[in-house]
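Q: This structure is in C-alpha cells; I'll ask about it shortly.
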Amino acid sequence: MLAGTIAVAVVIGAGLLAGALLAVEKAVIPYFASLPAGRYVPTLTFLDDRFDPFMPWLARVKALVTIAAIVTAHSTASQVLFGAGLLCTAGVGIVSESINVALNRRIRSWDPGHPPPNWEAVRRRWAWGNRLRLALAIAGLALDCAAATAL
C-alpha cells in the first residue's frame, strides 16, 4: 500500500514537471520568438521570477519522493525503472542549471534597448535547452509510469 501511494506521488510529480516544461515549449517559447529584444528581456525576467522558485523545488521534491519509491518498491524492475526516472529528473536539473538558468542570468544583465549582437542566437540556445530538459522530463515520466505499473 505504501509503495503504491508513493508511486502515485512520483508519477504526479513527473507529470507536473513534464507538463510545466511542455507549456513552456508550446506557449512561452513561441511567444519569446515573436518578441523584439526590447520586450524579450523584461518578459523573460518576469516569467523567470515566477518559474524559478517553483521548478527547482518541484524537481527536488520529486527526486526525494522517487528515492522513497525506490526504497519501498517490491520488485527489482520497479526499483530500476524508478532509478532511471530519477536520473532523468537529475538530467532536467543539470540542463536547467547549466543552460537555461545560466542564460537567464546573462539575459538579465542585458540592456533591453541595446542587446548584444548575438541575442537571437542566445534565445535559440535557451529554447534548445528547454527542448532537451522537456525530452528528459517526458522520458522520466514514462519510466516512472512503467515503474509504478511494475510494482
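Q: Just to be sure before I move on: is residue 66 crowded, with 20+ Cβ neighbours inside 10 Å, in contact (Cβ under 8 Å) with a residue 24 or more places away in the chain and among the polar types (S, T, N, Q) in the structure I sent? I'd like the intermediate steps shown before the answer.
A: Numbers: crowded, with 20+ Cβ neighbours inside 10 Å: yes; in contact (Cβ under 8 Å) with a residue 24 or more places away in the chain: yes; among the polar types (S, T, N, Q): yes.
Judged against the criteria, residue 66 is a match.
Q: With respect to the numbered conditions (1) within 14 Å of the chain's Cα centre (by Cα); (2) of a type outside the set (S, T, N, Q); (3) surrounded by 15 or more Cβ atoms within 10 Å (Cβ to Cβ), which one is the sole condition not fulfilled by residue 94?
A: (3)
Q: Given the structure, is residue 31 farther than 15 Å from residue 129 by Cβ and surrounded by 19 or more Cβ atoms within 10 Å (Cβ to Cβ)?
A: Details: farther than 15 Å from residue 129 by Cβ: yes; surrounded by 19 or more Cβ atoms within 10 Å (Cβ to Cβ): no.
The answer is no for residue 31.
Q: Out of contact with any Gly (no Cβ under 9 Å at 6 or more places or on another chain) and either closer than 30 Å to residue 35 by Cβ or surrounded by 14 or more Cβ atoms within 10 Å (Cβ to Cβ) (or both), is that true of residue 107?
A: Details: out of contact with any Gly (no Cβ under 9 Å at 6 or more places or on another chain): yes; either closer than 30 Å to residue 35 by Cβ or surrounded by 14 or more Cβ atoms within 10 Å (Cβ to Cβ) (or both): yes.
So residue 107 fits the description; yes.
Q: Could you pull out the residue among 98, 34 that is among the hydroxyl-bearing types (Ser, Thr, Tyr) and under 30 Å from residue 6 (Cβ atoms)? Outline the logic, then answer.
A: Numbers: 34 fails: under 30 Å from residue 6 (Cβ atoms).
Just a single option satisfies the conditions, and that option is 98.
Q: Moving on. Being of a type in the set (A, V, I, L, M), under 16 Å from the mean Cα position of the chain (by Cα) and closer than 21 Å to residue 9 by Cα is the filter here; which residues of the stretch 122-151 pass it?
A: Restricting attention to the stretch 122-151, the residues satisfying the condition of being of a type in the set (A, V, I, L, M) are 122, 127, 132, 134-139, 141-143, 146-148, 150-151.
With under 16 Å from the mean Cα position of the chain (by Cα) added as a condition, the list becomes 127, 132, 134-139, 141-143.
Residues satisfying the conditions are 134, 135, 136, 137, 138, 139, 141, 142, 143.
Q: Out of 5, 43, 72, I need the residue that is surrounded by 17 or more Cβ atoms within 10 Å (Cβ to Cβ) and over 12 Å from the mean Cα position of the chain (by Cα). Which one?
A: Details: 5 fails: surrounded by 17 or more Cβ atoms within 10 Å (Cβ to Cβ); 43 fails: surrounded by 17 or more Cβ atoms within 10 Å (Cβ to Cβ).
Of the residues listed, the single one that is surrounded by 17 or more Cβ atoms within 10 Å (Cβ to Cβ) and over 12 Å from the mean Cα position of the chain (by Cα) is 72.
Laboratory data are not the source of any read-out in this text; all were calculated from the coordinates shown. It should be emphasised that the depicted structure is a prediction, and the values quoted were computed from it without experimental measurement. Note: ideal-geometry Cβ built from the backbone for every residue, glycine included; neighbour counts use all protein chains shown.
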